[in-house]
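For reference, the structure discussed in these notes is given below.
The values are calculated or read from the model by the stated rules, or taken from the named source; none is laboratory data. Just so we're clear, the structure is a prediction, and the values are computed from it rather than from any experiment. Note that each Cβ is placed from the backbone with ideal geometry, even for glycine, and that neighbours are counted across all protein chains shown.
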Amino acid sequence: MQLKNQKLVAIKSIGCRLNISEAGTFAKAFEEDGHLIVPFGQKADVILINTCTVTERAEATCRNLIRKARKSSPDAKIIVAGCYAQTSSDDEVITSERVDLVLGSFEKSRVFDYLVEIEREQKRLVRVSRSDEFFSSATSSAEGHTRAFLKIQDGCNYVCSYCIIPRARGCSRILPISDVLNEAGKLVDGGFKEIILTGVNIGEYKTDDGKNLYHLVEKLVELNGLERIRISSVEPNTITDELLSMMKESKKCMNHFHLPLQSGDDEILGLMRRKYTAQDYVKIVEKVKKYFPHAGIGADVIVGFPGEERIHYENTKSLIEKLPITHLHVFPFSRRKGTTAWNMEDTVHSLEKKERVQDLISLGEKKLNKFALGILESSGRVLFEKRDQDGYFGGYTSNYLRVKVKTDRNLKNSIEDVYFTNVENGVLYGEIT
């Protein structure tokens, strides 16, 4: 359904990679409808904000973006879509005159229909419902148009006590294998050399006939023209020997895994309703390293969860110090209305949370730098993205280390062998071999 006249459209997405992939799909749809995409902050006719609700900070960012959008384009049609819209459609910023169209997680794929309606009727619309049967495919490019995010799954059936995502995105749903292969083929034809499989809980990918993530990746490996496959965050309890063995046998699968930890203390993991113990997590990491000795391993950690005493925090820090984690993402606990943890007493002072967050961030930086130092004076394959303002071309190794090379060549979207000569703040510097 087409809008009247060509529009200038600004799209802003915050939050997870899933949101990024969906924003890319929005942009492509507007372009195919004859509209022009402009940077957020420039004057536009339509502004779409794809929102996040995972933390209080994310919600505050959403509200600020809405205000900035109205300030930059007083006459624009402003659309607030996604998770924050789904869970907080009654927020005073959303209900004010600043927003013209509010679309929940299950309505945002019909943005054109609703835009036409508000353009025709000249009235504000709020469309927030729940339809767990619905799945909208989404793809988006990472920086440099070399890597692409491909959404294969949405929603989650887990009941982690701190997490609002099941309420925001509903139950687990998947894109059938045939559709994933079709979308991946389009991305390859578009020039992408790496595809990142993304979703809320991709480890729970299951088709009606019993196929799972293993079978999906197995099919993707056979796709002609696709050179690199990377899987995004995977719940630790869903990693199988079958999947790891198949990935090891394929030169296309990257040796990079993101395994959310959240806490390294069993008592806190129990309160969080996670599906593993600290020792289970250790065994899972050991399993990954058995198949991929040089794997980059990312982990999410929440500090300051209700009931987290100093000993619980020290157990978490100690576990992280011992494990070969290379990319650490640290978050202070944020109470989400509608979750079990909402009613738990917040026993950790905000200043203590900040101190623990900074402590672990510092630890994560040291571990990343140590990991990068460990592969100095060796070579690795790097997919390059773009040149920075200092003249370095940047890209990523298989195990997700950032690499910079000084060269006059245009390396965009090329995969090159690089000899690593130096490390600075976790970034590898090298020379093309």
- Item | Residue within region 238-261 that is hydroxyl-bearing (Ser, Thr, Tyr), under 20 Å from the mean Cα position of the chain (by Cα) and within 22 Å of Leu150 (Cα to Cα) present | yes
- Query: Tell me, which strands (runs of 3 or more DSSP E) wholly within region 364-433 include 3 or more residues that are over 15 Å from Gly296 (Cβ atoms) and acidic (Asp, Glu)?
  - Reply: 415-424
- Item | Residue list for region 167-189, restricted to those being free of Cβ contacts under 8 Å to residues at least 40 places away in the same chain, part of a loop (DSSP other than H, G, I, E, B) and either over 21 Å from Phe257 (Cβ atoms) or of a type in the set (D, E, K, R) (or both) | Cys171, Pro176
- Task: Go through region 31-59 residue by residue and tally those that are at pLDDT below 90 and under 14 Å from Lys77 (Cα atoms).
- Result: 0
- Give the number of residues within region 343-354 that are assigned to a helix (DSSP H, G or I) and either under 21 Å from the mean Cα position of the chain (by Cα) or surrounded by 14 or more Cβ atoms within 10 Å (Cβ to Cβ) (or both). 2
- Among strands (runs of 3 or more DSSP E) completely within region 1-77, the ones holding 3 or more residues that are surrounded by fewer than 19 Cβ atoms within 10 Å (Cβ to Cβ) and more than 17 Å from the chain's Cα centre (by Cα) are 36-38
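With the structure loaded, tell me whether Arg110 is part of a helix (DSSP H, G or I) and under 21 Å from Gly199 (Cα atoms) or whether it fails that test.
Criteria met by Arg110.
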- For region 54-63, state whether one or more residues are among the small types (Gly, Ala, Ser) and within 20 Å of Leu18 (Cβ to Cβ). yes
- Within region 319-341, considering residues that are under 24 Å from the mean Cα position of the chain (by Cα) and of a type in the set (A, V, I, L, M, F, W, C), the one farthest from Lys367 (Cα to Cα): Ala341
- Query: Taking into account only those residues within region 320-335 that are among the hydrophobic types (A, V, I, L, M, F, W, C) and part of a strand (DSSP E or B), which is nearest to Leu401 (Cα to Cα)?
  - Reply: Leu328
- Query: Can you pull out the residues in region 8-38 that are basic (Lys, Arg) and either outside the structural domain of Tyr114 (by TED's automatic domain parsing) or under 17 Å from Ala58 (Cα atoms) (or both)?
  - Reply: Lys12, Arg17
- Note on the structure: By residue number, the members of region 121-150 that are within 25 Å of Ser89 (Cβ to Cβ), among the charged types (D, E, K, R) and modelled with pLDDT under 85 are Glu121, Lys123, Arg130, Asp132, Glu133
- Item | Out of Val382, Val418, Val427, sole residue that is within 23 Å of the chain's Cα centre (by Cα), of a type in the set (Val, Ile, Thr), farther than 30 Å from Leu271 by Cα and crowded, with 17+ Cβ neighbours inside 10 Å | Val382
- Message: From the list Val93, Val99, exactly one residue is in contact (Cβ under 8 Å) with a residue 24 or more places away in the chain, over 16 Å from Asn19 (Cα atoms), hydrophobic (A, V, I, L, M, F, W, C) and not in a helix (DSSP H, G or I). Which is it?
- Response: Val99
- Matching residues in region 190-211 - criterion: being buried (at least 19 other Cβ atoms within 10 Å of the Cβ) and not in a helix (DSSP H, G or I): Phe192, Glu194, Ile195, Ile196, Leu197, Thr198, Gly199, Val200, Asn201, Tyr205
- Filtering region 176-213 for residues that are within 21 Å of the chain's Cα centre (by Cα) and polar (S, T, N, Q) leaves a count of 3
